Every structure is written in structure tokens, then in C-alpha cells.
Amino acid sequence: MLNNKPIWPILAVILGISLTACKILPTPSGDSGNAAVFNPDKMVEEIWAAKVVPYLQQKAGPFVQVHALAKTDPASAGAKYGNPNKQANSPWTFAVRVEGKIIAANTQSRAATMDVDVDGDGKADARVQIGPAMRGTALRDSLDFIQFNDFTNQIDFAQFGKAFNAYAVKALFAKLPRDALEGRTAKVLGAYTLESGQDLPLVTPAEAEIGRKP
């Protein structure tokens, strides 16, 4: 014989149990509250004049002297002109002063450069980046007060390195000549990374002066 009792009380009990077992989580509003927004360009701008340039001015050595030591004893050169707090698997980066005559310039590329003869033999000794595109993160890597562990992840650290290059272009080369550079004098404070197979050491500037046409 069929049981004609209504089944809705049973369904109500089951539904009540199911709802009790569920958690209703609020949808994130997207409001980060008081969390700081990572802004590498602003971070670099805030430390450039106060910390970056003074540090390089104090740390840098003449290019000829630094590079000669770097080629024979990178660790000794790094202890004196580099960042001893660098990551163990990273190459040495050195703070240098480059002064001499511009003997060649490539301003057709976005990654423009000028080649500088620092010892007067008529041959280029260093290649200085003048942007607007700049390779590498030599400025960031030369500073002993910048540590990878201070950043959330590798992406933020990389963006911070690129921000140094962008600020150098804005602060320096927007005001300097780009035409007829050959034969002019150049005076640069910057940094370069010691890499194998380099044609010329690639210097990223933090300060730069270009003389008048000869």
C-alpha cells in the first residue's frame, strides 16, 4: 500500500542541513585598503638624487682602473667598486667614471649608444647607453642598499631595475644633444656589468655631460 504522507517536511529538513553546511563567502570588493601600490617609477624618483647618485659618486672609480682590475680579479674589483651584497649567482657590476672623446655614436636605434675613448689611443674603450631604450639593470645591481629579498617577487624586482633606466633617460638625455656626437667630449658616472663575450663594456649612466662640438 502506497504511503500518501506528504514528502515536503523531509525535503525541508534536507535543504536545511545543506544550507547549514555551506559557507557564504563575501565577494572581494577590489578595495586594497591600506595596502601600498607598487610603483617602481616613483620609488626610483624618490631615491635618485638623495641616495643613488651620491652612492655612485662615492663608489665609482676611473673606468681604466676599474676595468683593468675587473678583468684580472673580479672579486677584488667588486669589493672596491661593486656591490658585495649581490646575489651569489649574479655577475659583478661596477660603478665607474667614464671621461674621454666620443669616437662613434649610434643614434638611429632606440637602443642608442656612444663609444668613448678614455685613454687617448683613438679606440673605443666603453660604450655608453643613451636610450631611449636601455639594456640591463646595471644601475640597480650596483647599489648595495637594494636587495632582492626586499621585493615581493622576481617580476617586481625586474620592473624596479627597468625603472632606473627609464628615469636616467628622462633625467639626463632629454636635455643632451644627440646629433653630431663624434668628436665631442663625454663625462659619465654610471655602472656596467662584467659579462663574457662583450664587444665593449656597456655603461648605463646616472650622470652625463656632453661637450660642445669641436
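General observations
- Estimated FRET transfer efficiency (A88, D179; beta-carbon r; R0 45 Å; 0.05): 0.55
- Considering only the Cα atoms of region 33-210, their convex hull presents on average a projected area of 10.8 nm².
- Cβ crowding within 10 Å, taken as a proxy for footprinting-reagent exposure, orders D41, D121 from fewest neighbours to most as D121, D41.
- Here, region 95-160 has an Rg and a Dmax of 15.4, 47 Å when only alpha carbons are counted.
- Whichever lysines have a C-alpha closer than 28 Å to that of K187, once near sequence neighbours (fewer than 8 apart) are set aside: K42, K51, K59, K71, K80, K86, K101, K123, K162, K170, K175, K213
- Ordering Y167, Y192, Y81 by the number of other Cβ atoms within 10 Å of each residue's own Cβ, fewest first, gives Y167, Y81, Y192.
Bear in mind that the values in this text are calculations on the coordinates, not laboratory data. Nothing here was measured: the structure is a model prediction, and the numbers come from that model. Glycine also receives a Cβ, built like all others from the backbone with ideal geometry; neighbour counts cover every protein chain displayed.
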